[in-house]
Amino acid sequence: MSTKKWARRLDDVAPDSGDVILSWLTRVVLVIAATAVVGFDGLSIAVAHVSAKDDANSAAVAAATAWVSDKGSLAPTMLAAQNSAAEHDETVLPGSITVGTDGTVHLKLERDATTLLVRHIGPLRSWARVIVKGSGKADPTT
């Protein structure tokens, strides 16, 4: 007896075994893609917060410098803050600029994070809108 009982012939293999593998592979790819999109959106929002905070502080310093050089005029102070923010596609929230007695400018800046999915889902859309506070004082050497 030269043939073994456990040997299978090619035509004994189920014809749908490739479909099972393809179904499993499709699920793995979908899970990886969904994880990548969620990860990208989360990282993008986090980076936008950090970047906007730095930009808000820079805009506040620019506004404080304008405040000192224009001897306490609010219009040039607001314009300097808006111009600094506009360089980074951000906006200074109207009415958010305040100047302390020591010349420190405080403001709020708004930025939209670049996301793949969050900005398109109504209830989550607000997560992509980043609002941060910044403050700065003019450099006394200028």
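The values are calculated or read from the model by the stated rules, or taken from the named source; none is laboratory data. Every value quoted in this text rests on a predicted model; they were computed, and no experiment measured them. Note that each Cβ is placed from the backbone with ideal geometry, even for glycine, and that neighbours are counted across all protein chains shown. These accessible areas exclude ligands, DNA and RNA; they are computed on the full protein's heavy atoms, side chains included. Shrake-Rupley method; radii C 1.70, N 1.55, O 1.52, S 1.80 Å.
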Check your understanding: With every protein chain left in place, what is the accessible area of residue 50 in Å² (1.4 Å probe, nearest 10)?
Key -> 110 Å²
**Study point:** Compactness of the stretch 44-92, expressed as Rg and Dmax over alpha-carbon positions, Å
**Key:** 11.6, 40
Review point. Pairing the Cα long axis of helix 74-86 with the longest principal axis of the chain, what angle in degrees results, from 0 to 90 and rounded to the nearest 10?
Key: 20 degrees
Point to revise | residue 47 accessible area, 1.4 Å probe, all protein chains in place, Å² to nearest 10 | key: 90 Å²
Check your understanding: Hey, can you rank 102-110, 120-128, 54-62 by average C-beta count inside 10 Å, highest first?
Key -> 54-62, 102-110, 120-128
Practice item. Tell me the trypsin sites (Lys or Arg not before Pro) within the stretch 20-82 that lie in a loop according to DSSP and have at most 16 other beta-carbon atoms within 10 Å. Key: 71
Exercise for review: Work from the charge dipole of the chain (Cβ charges, +1 for Lys and Arg, -1 for Asp and Glu, about the Cα centre) and give the residue of 45, 114, 31 farthest towards its positive end.
Suggested key: 31
Point to revise | Label point distance in nm, residue 127-residue 36, each placed 7 Å from Cα along Cα→Cβ | key: 1.9 nm
Review point. Percent of accessible area on the chain owned by carbon and sulfur, 1.4 Å probe?
Key: 63 percent
Study note, to complete from the structure: In degrees rounded to 10, the 0-90 angle between helix 17-69 Cα long axis and the longest Cα principal axis of the chain is 10 degrees
Practice item. In whole angstrom, note down how far apart the Cα centers of the stretch 70-142 and the stretch 35-59 are. Key: 15 Å
Check your understanding: Can you give the Kirkwood hydrodynamic radius for the stretch 25-69, in Å, rounded to one decimal and based on Cα pairs?
Key -> 13.2 Å
**Study point:** the stretch 59-142: C-alpha gyration tensor shape, a/c 1.5 cut-off, then a/b vs b/c
**Key:** prolate
Revision key, fill the gap. For the stretch 113-128, Karplus-derived ³J(HN,Hα) couplings (6.51, -1.76, 1.60; θ = phi - 60°; whole Hz; x for glycine and proline) come out as 6, 7, 10, 8, 10, 4, 5, 9, 9, x, x, 9, 4, 5, 5, 7
Exercise for review: Have a look at 86, 64, 33 and tell me which one the Gaussian network model of the chain (Cα, springs below 10 Å) gives the largest fluctuation.
Suggested key: 33
